[in-house]
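Student: Here's a structure for you.
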Amino acid sequence: MVNNYHLSFLSIKFVDVCTLSRVMFSNILVTTGMLSGMGYPTGKKTRAGTSMGKNLNPHAGMGFLAGRVRVSGCGYEMALPDGFLPVAISKLDIDFVVSTGDNFYENGLTGTDDQAFEQSFTDIYTAKSLQKPWYLVLGNHDYRGDVLAQLSPVLHKIDSRFICMRSFIVNAEIVDFFFVDTTPFQLKYWTHPKDSHYDWREVAPRAKYLANLLKDLDEAMKKSTATWKIAVGHHTIRSVSDHGDTKELLQLLLPVLQANDVDFYINGHDHCLEHISSRDSPIQYFTSGGGSKAWRGVFQPNEDKLEFFYDGQGFLSLVLDDDQAEFTFYDVDGNVLYQYTRSSLMKTSHLRTSGYATEE
């Protein structure tokens, strides 16, 4: 039996909503999710801290063991100097973490009792600077395991930092984050999974799931009065690296983002750092997937304007206030690679007619 799909809503209240702290983004290959099924129905508000944060992940699976940082994921591990991550993150004074998916490499979790949850997250991310809420979307590698386990409230009881649902909204008054479950969009995972198994429970049939998701997303974005609208998903919409553009997201998701004046789309999937500007709308695309397995050596330009590309490891931070958004890419040593600042766009015109589409 297929459950009816609904976006889930979380509300975050801040002591000073006019000055949000940093949001750090990157593709964390050894994280997890939780909270789906925790009983947060549409519209229910939940207090989750006193300010807003970042998405980090200079390397998928960076962590701390006995004072050391262990970088793991994608089939290898390496050690970084003692205290590296705490120093890098504490300088940014993060308030929360956003993972852009593939939280457990390479085949998700086997169940709620999978020791990988604690071994790859709780026992790794022990630094004081990382004791913040973590908001996570699912990636394609997460779907190769037990998705319902990764979404289970059991994991939240193990580590209360984890907040992971299929698609949900984090409201912080001046900004709304729309987290989107992008894996079901890609048709090849359904029709040509090769040797992989994808857990489509509570998702199949695909067409109905996507139609409901896009409808709910469009309605929620229209209701948003936030200064900034930011969408977060695992898969690329635009990318010049290995995976390139995702045609299903260009066809189905992008029209909804454009019709509702979304400012930024932030994703993982490609193991690199990049910023691409749309040539036909104000939307900006940011890929922060340099978590561990990087240096792919692939470059394939697309129709939009490439602003920055780094085929290596690093992470992304975001600072927001009422007036401007500042994105900063860092390398694994915490050195600034690239910065982009944009002033808020006054919403002086009515939203365009919604254009969520169906596949041909």
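The values are calculated or read from the model by the stated rules, or taken from the named source; none is laboratory data. Nothing here was measured: the structure is a model prediction, and the numbers come from that model. All Cβ positions, glycine included, derive from the backbone under ideal geometry; neighbour counts span all protein chains shown. Just the protein is used for accessible areas: all its heavy atoms, side chains included, with ligands, DNA and RNA removed. Shrake-Rupley method; radii C 1.70, N 1.55, O 1.52, S 1.80 Å.
Student: Just to confirm my filter: which strands (runs of 3 or more DSSP E) fall fully inside segment 81-166 and include at least 2 residues that are under 27 Å from Phe286 (Cα atoms), at pLDDT below 90 and open to solvent by 40 Å² or more (accessible area, probe 1.4 Å)? Walk me through it before giving the result.
Tutor: Values: elements: 96-99, 134-136, 162-164.
Once the strands (runs of 3 or more DSSP E) in segment 81-166 are filtered for at least 2 residues that are under 27 Å from Phe286 (Cα atoms), at pLDDT below 90 and open to solvent by 40 Å² or more (accessible area, probe 1.4 Å), nothing remains.
Student: Tell me yes or no: at least one residue of segment 284-293 is charged (D, E, K, R), farther than 20 Å from Tyr189 by Cα, more than 19 Å from the chain's Cα centre (by Cα) and open to solvent by 20 Å² or more (accessible area, probe 1.4 Å).
Tutor: Looking only at segment 284-293, we keep the residues that are charged (D, E, K, R), and these are 293.
Filter again for farther than 20 Å from Tyr189 by Cα, leaving 293.
If we keep only those that are more than 19 Å from the chain's Cα centre (by Cα) too, we end up with none.
No.
Student: Which residues, counting only those in segment 230-250, are open to solvent by less than 10 Å² (accessible area, probe 1.4 Å), touching a helix residue (DSSP H, G or I) at 6+ places or on another chain (Cβ under 8 Å) and within 18 Å of Ser167 (Cα to Cα)?
Tutor: Kept after step one, since they are open to solvent by less than 10 Å² (accessible area, probe 1.4 Å), are these residues of segment 230-250: 230-237, 239-241, 244, 246, 249.
Then keep just the ones that are touching a helix residue (DSSP H, G or I) at 6+ places or on another chain (Cβ under 8 Å); that gives 231, 233-237, 246, 249.
Of everything in segment 230-250, those that are open to solvent by less than 10 Å² (accessible area, probe 1.4 Å), touching a helix residue (DSSP H, G or I) at 6+ places or on another chain (Cβ under 8 Å) and within 18 Å of Ser167 (Cα to Cα) turn out to be Ala231, Gly233, His234, His235, Thr236, Ile237, Leu249.
Student: Need the failing condition index for Ser317 against (1) polar (S, T, N, Q); (2) within 30 Å of Ser120 (Cβ to Cβ); (3) modelled with pLDDT of 80 or more; (4) assigned to a loop (DSSP other than H, G, I, E, B), just the number.
Tutor: (4)
Student: Here's another thing I want to ask about it. Tell me the strands (runs of 3 or more DSSP E) entirely within segment 218-287 that contain at least 3 residues that are within 19 Å of Asp181 (Cβ to Cβ). Quick ask: steps written out before the conclusion?
Tutor: Working: elements: 228-233, 264-267, 273-277.
Output list reads 228-233, 264-267.
Student: Can you pull out the residues in segment 294-314 that are in a strand (DSSP E or B) and either of a type in the set (Gly, Ala, Ser) or open to solvent by 40 Å² or more (accessible area, probe 1.4 Å) (or both)? Walk me through it before giving the result.
Tutor: Going through segment 294-314, the residues in a strand (DSSP E or B) turn out to be 305-310, 314.
Residues satisfying the conditions are Lys305, Leu306, Glu307, Phe309, Tyr310, Gly314.
Student: Would you mention how many residues in segment 198-254 are among the β-branched types (Val, Ile, Thr) and more than 15 Å from Val170 (Cα to Cα)?
Tutor: Here is the first cut: in segment 198-254, the ones among the β-branched types (Val, Ile, Thr) are 203, 225, 227, 230, 232, 236-237, 240, 246.
Narrowing the set further to residues that are more than 15 Å from Val170 (Cα to Cα) leaves 203, 236-237, 240, 246.
Counting residues in segment 198-254 that are among the β-branched types (Val, Ile, Thr) and more than 15 Å from Val170 (Cα to Cα) gives 5.
Student: Quick check on my filter: what residues within segment 254-299 are of a type in the set (Lys, Arg) and either modelled with pLDDT under 90 or touching a Phe, Trp or Tyr at 6+ places or on another chain (Cβ under 6 Å) (or both)? Walk me through it before giving the result.
Tutor: So the first thing to find is which residues in segment 254-299 are of a type in the set (Lys, Arg), and the list is 279, 293, 296.
The answer is Lys293, Arg296.
Student: With the requirement that a residue be surrounded by 10 or more Cβ atoms within 10 Å (Cβ to Cβ), among the hydrophobic types (A, V, I, L, M, F, W, C) and modelled with pLDDT of 50 or more, what does segment 330-360 give you?
Tutor: Of all residues in segment 330-360, those surrounded by 10 or more Cβ atoms within 10 Å (Cβ to Cβ) come to 330-342, 344-345, 347, 351-352, 354-359.
Still in the list and also among the hydrophobic types (A, V, I, L, M, F, W, C): 332, 336-337, 345, 351, 357.
Answer for segment 330-360, where residues must be surrounded by 10 or more Cβ atoms within 10 Å (Cβ to Cβ), among the hydrophobic types (A, V, I, L, M, F, W, C) and modelled with pLDDT of 50 or more: Val332, Val336, Leu337, Leu345, Ala357.
Student: Quick one: Thr227 ticks every box in (1) closer than 19 Å to Leu345 by Cα; (2) open to solvent by 10 Å² or more (accessible area, probe 1.4 Å); (3) modelled with pLDDT of 95 or more except a single one, so which number is it?
Tutor: That leaves (3) as the condition not met.
Student: Only residues that are modelled with pLDDT of 95 or more and more than 17 Å from Val147 (Cα to Cα): list them for segment 182-207, please.
Tutor: Answer for segment 182-207, where residues must be modelled with pLDDT of 95 or more and more than 17 Å from Val147 (Cα to Cα): Leu187, Lys188, Thr191, His192, Ala207.
Student: Now, a different point. Quick one: count up the residues across segment 199-210 that are hydrophobic (A, V, I, L, M, F, W, C), more than 21 Å from the chain's Cα centre (by Cα) and in a helix (DSSP H, G or I).
Tutor: First pass over segment 199-210, keeping only residues hydrophobic (A, V, I, L, M, F, W, C): 200, 203-204, 207, 210.
Subsequent filtering for residues that are more than 21 Å from the chain's Cα centre (by Cα) retains 204, 207.
From what is left, the residues that are in a helix (DSSP H, G or I) are 207.
Selection size over segment 199-210: 1.
Student: For residues that are surrounded by 13 or more Cβ atoms within 10 Å (Cβ to Cβ) and without any contact (Cβ under 8 Å) to a residue 24 or more places away in the chain, tally how many sit in segment 170-192. Before the answer, list the steps.
Tutor: From segment 170-192, those surrounded by 13 or more Cβ atoms within 10 Å (Cβ to Cβ) are 170-186, 189-190; that's our starting set.
After this cut, where a residue has to be without any contact (Cβ under 8 Å) to a residue 24 or more places away in the chain as well, the list is 190.
Qualifying residue count, segment 170-192: 1.
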